[in-house]
Amino acid sequence: ELISYLEKNEKIVLGYERSPLISERATKEHSNISVTTRLPMHNSDAVLCCEVLEHMERPFETAIILEALAKNRIILTVPAEDSADKSPYHIWLFEEKDFEDMFTGKVVSMEVLLTGGNYLTRIVVIDK
């Protein structure tokens, strides 16, 4: 749905993906998306970070990088703490307080949604 919205509204998206195969496929499938295997070091209007922070060894440091990359807004998704998904690859399980600590005074909304059957996702919006 997000990609359809971006294409319909002619938004240009620069993405980062560690896997060259996935990066190449995403760029080929969507004309307005450019996905690179190198982290962009310039500011973007917004940064979308989906299902990544729970895998990071130092997510608070990653939050600082996201803030540096975003001019206006950061949108994050992570598994909600009571999600049925108990992946062994998840290093962190975040609570609301964690995002308040990461982005002091900048969190504008937090919501938990049921996605993909019984998977609960926390969506966090941060304004700079």
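Taking the stretch 47-128 as the region of interest, the strands (runs of 3 or more DSSP E) fully inside it that hold 2 or more residues being under 12 Å from the mean Cα position of the chain (by Cα) and within 24 Å of Y16 (Cβ to Cβ) are 70-79, 119-127.
Answer yes if at least one residue in the stretch 26-44 is over 18 Å from I126 (Cβ atoms), open to solvent by 80 Å² or more (accessible area, probe 1.4 Å) and at pLDDT 85 or above, and no otherwise. Taking every residue of the stretch 26-44 in turn, none turns out to be over 18 Å from I126 (Cβ atoms), open to solvent by 80 Å² or more (accessible area, probe 1.4 Å) and at pLDDT 85 or above.
Of all residues in the stretch 52-83, count the ones that are charged (D, E, K, R) and either open to solvent by less than 30 Å² (accessible area, probe 1.4 Å) or touching a residue at least 60 places away in the same chain (Cβ under 8 Å) (or both). Can you show your working first?
Taking the stretch 52-83 and keeping what is charged (D, E, K, R), we get 54, 57-58, 61, 67, 71, 73, 81-82.
Of the ones still in play, those that are also either open to solvent by less than 30 Å² (accessible area, probe 1.4 Å) or touching a residue at least 60 places away in the same chain (Cβ under 8 Å) (or both) are 54, 67.
Here the count works out to 2.
The values are calculated or read from the model by the stated rules, or taken from the named source; none is laboratory data. Everything numeric here is computed off the predicted structure, so don't read it as measured data. Glycine gets a Cβ as well: all are built from the backbone with ideal geometry, and neighbour counts include every protein chain shown. The protein model used for the area step is the full one, side chains on, heavy atoms only, and it has no ligands, DNA or RNA in it. Shrake-Rupley method; radii C 1.70, N 1.55, O 1.52, S 1.80 Å.
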